[in-house]
Amino acid sequence: MNLNLTSPAFSNGGEIPAKHTCEGPGLSPILAWSGVPANAKSLALVVDDPDAPDPAAPKRTWVHWVLYNIPPDASPLGEGAKRLPGGALEGLNDWQRTGYGGPCPPVGRHRYFHKLYALDTVLPNLGRVTKDKLEAAMKPHIIGHAELVGTYQKRK
């Protein structure tokens, strides 16, 4: 069985509803997973946008959410994720804060990659860790990976 990441809010390649963006309340979507490897000790989640600031001329990847040490059996992660599963920790997004930052593209339709990693360990508390530092810490421990891509373009 392969690691799989889904959301009832949008299908892979589908549009992210406004309630999960800056044009709504900005709630994180429900995320569910299945097919976690039996030897997984924790999961990590990174949500980012490789199309910033303009999909026609991207200059950087904007990080929207960093989570790690998610218990493998904690699926689903609820909408708004106000209460994280026991042991889960948050890193910094590109607004320099913890938590989910919803899509808010300045121009064009952007892609938002929800990347789930199965790890063979529980990572130490990395403090206010960035995506890059989390990826470096988990790299030797990745035993599974799944992606769910949503898109969004502002209406206003």
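No value in this document is a laboratory result; all are computed from the given coordinates. Here the structure is a predicted model, which is why all the values come from computation and not from measurement. In this analysis, Cβ positions are derived from the backbone assuming ideal geometry, glycine residues included, and neighbour counts consider all displayed protein chains.
Within the same chain, aspartates and glutamates fewer than 8 places from LYS82 are excluded, and of the rest, those with a Cα less than 15 Å from its Cα are GLU90.
Extending 7 Å from the Cα toward the beta-carbon at both HIS145 and ASN4 defines two label points whose distance is 2.0 nm. List the aspartates and glutamates whose Cα sits under 12 Å from the Cα of LYS59, skipping any in the same chain fewer than 8 residues away. By straight Cα distance, LYS59 reaches ASP49, ASP51.
Note on GLU23 and GLU135: the model spin-label points, each 7 Å out from Cα along the C-beta direction, lie 2.9 nm apart. What FRET efficiency comes out for TRP95 versus THR121 if R0 is 30 angstrom and r is the Cβ-Cβ distance? Round to the nearest 0.05. Efficiency computed from Cβ-Cβ geometry: 0.60.
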